[in-house]
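So the structure is just underneath, and the comments pick up after that.
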Amino acid sequence: MWAQLITEARRYAKAAWRHRWKGLALAWVVCLAGWVVVYKLPDRYQASARIYADADAILGQVLRDLALDSSPAQQVELLQRTLLSRPNLERVVARTDLDLRIHDAYDREDLLQDLARSIRIQAQTRNLFSISFADHDPRLAQSVVQVVLNLFMEQATTNDRQQMENARNFVNQQIAVYERQLREAEQRRADFRANYLELLPDGPAGGTGLEAARNRLRQLRGELQDTQLRGELIRRQVNMTPQSLPADAVGPGGETRLAEAERTLRELRLRFTDQHPAVIEQRSIIADLRASGTGGAPARGGDGSAASRGTGPRANPLYEQLRLRLVDVEATLVSLNRQIGEEAANVERLEAMLRSMPQVQAQFQNLDRDYNVLRRNYEELLERRESVQIAGAARTGAERVRLDVVDPPTVPPLPSGPNRILLASAVLVVGLGAGGALAVLLVLLDSSFFTAQDLRRIGLPVIGAVSALDPAPRQGFAIVAFAGGLLLLIGAYGVALLGGPRLVARVPELLARFFA
Amino acid sequence: MTHVPTPRPHLIERAVQTLGPTLLGGRQAAVPPAGAPPPPPPPSAPLPPAPIGLEALHAAGLAVGSSGVSRSRVGEELGVIHQAMLRTMRGLPQEEQRASRAVLVTSARPGEGKSFTALNLAAATAAGGSPTLLVDVDGKRGSLTELLGVAEAPGLRTLVADPRAAAVAALVRPTAEPRLSILPYGAVQPGGPPVLPAQMITEAVLRIAAALPGHVIILDSPPCLATSEPSALAAVAGQVLMVVEAERTQRAEVEAALDLVDACPVLQLVLNRARLVTGNSFGGYGGYGTYAPPSGS
């Protein structure tokens, strides 16, 4: 088994060795052509810019509960994703010299797709972003990055403002709606209140109109009783008091009537003004007395002459006074009775009304609650509008999403690619691989026979094998030559790396001169 | 062993390189008959031609034979082939119009070692005790006839031009090797075709086989893919040995050549010039020198 494997391996190795020069030649051709292509590739210049997009932590915390806002980190991510949209790319093309490269619609399509692929936006840390683009024209690379950067900044600000504007519009709209509802509720509540004013409590602690009317009625009735009692008392007094005094019934002072009248006048004047009818009447009585008697009593020496002149009993002033009171009290009674009647009617009416609409109060409470809810929401919206205004002010004052350009894009002075060393090495590997592959391919195509076993596969008897008479030619020189060819190829690789671009790029020229 | 070749790999090149001296030597061997001990001439030959010397044989590529000092690897390998050939020959049925003792040695392309194989196989067979006739059917330049320096001698052409049975024994040239004789292609006959038609050759071969009973007849033919003789000869030969040069001849060529010699029922293959020694092939266990007889004997 092993012997067979080894035999096979030796067989194939031997077969491959026969094709060594072809493989080496192919490797040389591939490597030389590959290196020329690699060094003929145009240089690529990479321009890049770095942005610090700060998610302004302090302001964010201040405004968190106050203003409507999405988180700044999200905003930045969104920006990053929407930045390379097709309209934006078209803007990039329009604002740079890239449109000079467009000749037809296919060019345009290719260019846009190429841009979308090759403009790179990367987040270096949480807040640090880099935008980079590579082109064989360093100025163009720089201007593309600049335009993308500008677009980024523009979008950051407009996006934010739009959001703010939307929020404000929404709040205003809501406020208008609530205002209308609030008005209606207020109107309903006022109408209801006007209709059922007496049945509704006056204020938070006040009683209803009905209760007030009942209280008033009770009070009036109490007053009526009081007045009736007073009238009774006065009437008894009137009955007990004689209507007139006897003539000799002089006062203890033995005064005359004039003196008595003057005393009465004084008393009256203590209680009344001069214009009071009682005062005026007393004055006229005094004037009469003076005119008739001219101070009779002193003239006749006492009341006796005057009483005798009166020829009858005199009117009792107390009695008259009591009668006067009585009239007064009766008038009050009449008035009270009328008031009681009215008040009772009023109470009657209100009670009837209450009986007919027992749910008035509940209805009113509902209305009141609706109104209160509406008013609370309305006030909240007003507050919110205020906070939006504050947020807007904060935004225009200090940029909400702060964008700082850390590294502005510059025109790159040195090419950044292609990585020629890597490519040249890859070419070397590919060349050697191609040579090896060619040898393997030739071996596979080679169907010659190496051993009697090989020959037996034809299916006919093999009666023998004759060894080569001459010894195998020495492979020493062949090995040395082949190794020399390989080493020369690797040396050429070293030359290509070190001697670099100029030398290799001139190879076609040199070859042309050589063949010419 | 006796012939130390130049390091060139190919037999033909080697032969071409050594052609001049060989021819010269051949003539020298042929003209002064004092080169080698003369073998006993065939008894029935009225005009016994001079035998071909060992030097000429070695120059033509003879690697084995009775004169060998010691066993060689090639000798052993050829011994195996000759044994197999004889076994096959014994097992063949007797047929009309087919010489079962005739062995056609051919190949797909020129230069694969037909002449070398035929010569050495014939020598090995002769050394093994069977009288052997090696017939050169390939008359072109560089063929066995030329290599042996007998281009001017009468041979197959003479036989074809003068179809008399008795002539066969007279035309055959003995060699320094016992029991080995050679029938060259022969000089161009006046009025005869420069290249013999295949039909005539087959008839001649049948006549030779009839004329020399008990001989093993080995036909050294031109390559299959170049000429028509092998195809025609296959119809009369008892077996065909297709010589395949190792590491060179492609399988498709061998198969095409085998198709051409399909007229013979017994086809066998011989790998020539094998260089890759494997453990499971003949001679893989080295040190055959240990089997050499003591040098004194």
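Look at A:Tyr493, A:Tyr12 and count the other Cβ atoms within 10 Å of each Cβ; fewest to most, that gives A:Tyr12, A:Tyr493. Taken residue by residue and averaged, Cβ atoms of other chains lying within 10 Å of the Cβ of A:1-13 number 2. Of A:Cys31, B:Cys224, the sequence from fewest to most neighbouring Cβ atoms within 10 angstrom is A:Cys31, B:Cys224.
Highest mean packing comes first when the peptides B:214-223, A:232-241 are listed by Cβ atoms within 10 Å, giving B:214-223, A:232-241. The mean number of Cβ atoms from other chains found within 10 Å of a Cβ in peptide B:263-274 is 6, as a whole number. Computed extension length for A:Val405-A:Glu109: 103.5 nm, one decimal, from 0.36 nm per residue of separation with the Cα-Cα distance subtracted. For the range B:127-239, the Kirkwood estimate of hydrodynamic radius, built from reciprocal distances between every pair of different alpha carbons, is 14.1 Å.
Normalised by 2.2 N^0.38 Å, with N the number of residues, the alpha-carbon radius of gyration of the range B:87-172 equals 1.19. Ordering A:Leu422, B:Leu144 by the number of other Cβ atoms within 10 Å of each residue's own Cβ, fewest first, gives A:Leu422, B:Leu144. Across peptide B:243-250, the mean count of Cβ atoms from other chains lying within 10 Å of each residue's own Cβ comes to 6. In units of the rule-of-thumb radius 2.2 N^0.38 Å, the range A:424-515 shows an alpha carbon radius of gyration of 1.72.
For A:His136, the residues whose amide H sits under 5 Å from its own are A:Tyr45, ignoring neighbours fewer than 5 places away on the same chain, with H placed 1.01 Å from N. Taking 7 Å steps out from each Cα toward its Cβ at A:Gln365 and A:Arg120 produces label points 7.3 nm apart. Determine the gain in length on full extension of the stretch A:Ile421-A:Ala483; use 0.36 nm per residue of separation and subtract their C-alpha separation, reporting nm with one decimal. Once the chain is fully extended between A:Ile421 and A:Ala483, it gains 19.9 nm. Taking label positions 7 Å along the Cα-Cβ direction at both A:Ala516 and A:Val429, the computed distance is 3.8 nm, reported to one decimal.
List residues of the range A:443-483, by number, whose backbone nitrogen lies under 17 Å from a label position 7 Å along Cα→C-beta of A:Tyr12. What the label zone holds, given the 17 Å backbone N cut-off, is A:443-451, A:454.
Rule-based calculations on the coordinates, nothing more; no lab input. Model, not experiment: these values are computed from the prediction. In this analysis, Cβ positions are derived from the backbone assuming ideal geometry, glycine residues included, and neighbour counts consider all displayed protein chains.
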